[in-house]
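Contents: one structure, followed by commentary.
Readers should treat all values here as calculations from the given coordinates under stated rules, not as data from a laboratory. All values reported here derive from a predicted model rather than from experimental measurement. Here the Cβ positions follow ideal geometry from the backbone for every residue, glycine too, while neighbour counts run over all protein chains shown.
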Amino acid sequence: MLGVVETDDPGSPAANEVRVRMHASSLNRHDYNVALGILPVEHRRILMSDGAGIIEAVGTGVTDFAVGDQVVSRFFPDWQEGDAPLATFARTPGDGLDGYGVELVVRPAHWFTHLPRDWSFAEAATLPTAGLTAWRALAVEGQLKAGQDVLVLGTGGVSVFALQLAKQMGARVIITSSSDEKLERARDLGADFGVNYRRNENWCDAVLKFTKGRGVDLVVETAGPGTLPQSMEATRIGGHIVLVGVLTGIAGQVPTVALMGRQQTLHGITVGSRTQQLEMIQALNTMDLRPVIDVTYPFAKIVEAFQFQESGRHFGKICIKY
Ligand SMILES: NC(=O)c1ccc[n+]([C@@H]2O[C@H](COP(=O)([O-])OP(=O)(O)OC[C@H]3O[C@@H](n4cnc5c(N)ncnc54)[C@H](OP(=O)(O)O)[C@@H]3O)[C@@H](O)[C@H]2O)c1
């Protein structure tokens, strides 16, 4: 059951910890799955993997942050750099650990980074999960270059951020959606071509036509097994598919011969490391990009926020303000 309750003040930070007053969070599909028990947690859990706030106190030994600094959380707090230390969400706030749907936290300082310059707390709260996943798919694993073609699927948090980032990086972007109205909004954000996947069952043909038969260089695959075969069809020989999502299910068939014959790379990722978050924020400080926040709810209306997410009417992100 989802509800708002009183909890104890977390107290003063110990060595290498910070006390943070949270001001905003953002909803991800992951949070929804935890809230509904689709991803079961063992006992009562404070939800929300993303959080942004202001440092109220620092423990001894903290050198990266000072009182008054604005900070944003991290999805895998133990993952500093290199390969991920684990393949589960056991150490992810809002899943295996208590999250940021709370006014005050005391946590290790390295669980946070600074915000991009002049970003609001709500804007920054879109970064730890959706933003970093899109960044890693494009800039780290996809090695996206200006002039390349990128395909993003749907108009949720990860995809809209990927659209915005890819445009900033000089790519051409193709986007799919179930809604013509959402495709129009995507065009306003710079999308070069849109396909309604509801009205075009074989939407990969439209992508191929737009790329003159060549196919895109890179796909940010947010939908999973139900779309993967068409994503492969829509990708050029030697192209790259970064698999991040499971919107159409958690298992399915991969056309292995086609993958081999087309010499494509299929690369699964989950979010990213602290180093990658720092690199993303450094890049965002040079970019003309603000995340698209469709609606912001007050904390007390978190249930309504999840209901709106469930409706699928959102475009980009849904945020919570405390
Ligand atoms: N691997 C990772 O690190 C990572 C990180 C973040 C999220 N994810 C995963 O990525 C997926 C997207 O997350 P999100 O937070 O962006 O979700 P979201 O904001 O809830 O996005 C949902 C949107 O996806 C689109 N969609 C649904 N079914 C689709 C289909 N068959 N084909 C194309 N688009 C479809 C819809 O867009 P339209 O309304 O425009 O049709 C829908 O509004 C989820 O599966 C999530 O768990 C993974």
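Could you check how many percent of all C-alpha pairs in segment 158-311 are farther apart than 27 Å? Let's see the in-between values first.
Details: 3449 of 11781 pairs.
Summing the P(r) tail past 27 Å for segment 158-311 gives 29 percent.
Where in segment 214-254 is the amide nitrogen less than 15 Å from a point lying 7 Å along the Cα-to-Cβ axis of residue 198?
Once the point is set 7 Å along Cα→Cβ of residue 198, nothing inside segment 214-254 turns out to lie under 15 Å by backbone N.
Along the Cα→Cβ direction, 7 angstrom out, place labels at residue 258 and residue 81. What is the inter-label distance in nm?
4.0
Sequence gap at least 6, Cα distance under 8 Å: using those rules, report the relative contact order of the chain to the nearest whole percent. Could you put the intermediate results ahead of the total?
Values: 709 pairs, mean separation 59.7, N = 322.
The normalised contact order for the chain reaches 19 percent.
Counting only residues 5 or more places away or on other chains, whose amide H sits under 5 Å from the amide H of residue 296 once H atoms are built in the peptide plane?
319
Of all alpha-carbon pairs in the chain, indicate the percentage at a distance above 27 angstrom. It would help to have the intermediate numbers written out before the result.
On the way: 21601 of 51681 pairs.
Across the chain, Cα pairs with separations above 27 Å total 42 percent.
For segment 1-72, count the residues as N, evaluate 2.2 N^0.38 Å, and divide the Cα radius of gyration by that value, please. Intermediate results must be reported in sequence, preceding the final value.
On the way: Rg = 14.7 Å, N = 72, 2.2 N^0.38 = 11.2 Å.
Segment 1-72 yields a ratio of 1.32.
Excluding same-chain pairs closer than 8 in sequence, count the lysine pairs in the chain whose Cα atoms lie under 19 Å apart.
Values: 145/167; 167/182; 167/317; 182/317; 301/317; 301/321.
So the count of such lysine pairs works out to 6.
So how much slack lies between residue 180 and residue 7, counting 0.36 nm per residue of separation and subtracting their Cα-Cα distance, in nm? Let's see the in-between values first.
Details: separation 173, 0.36 × 173 = 62.28 nm, distance 4.46 nm.
Full extension of this stretch gives 57.8 nm more.
Taking a spot 7 Å from the Cα of residue 251 along the direction of its beta carbon, which residues of segment 86-112 have an amide N less than 14 Å from it?
Those under the cut-off are none; the list is empty.
Quick check on packing: order 304-311, 201-208 by the mean number of other C-beta atoms within 10 Å, highest mean leading.
Working: 304-311: 15.6, 201-208: 17.5.
In descending order of packing, they fall as 201-208, 304-311.
Ratio to report: Rg/Rh of segment 171-234, with Cα atoms as the point set and Rh obtained by the Kirkwood method; give two decimals. Intermediate results must be reported in sequence, preceding the final value.
Working: Rg = 11.0 Å, Rh = 11.9 Å.
Result for segment 171-234 is an Rg/Rh of 0.93.
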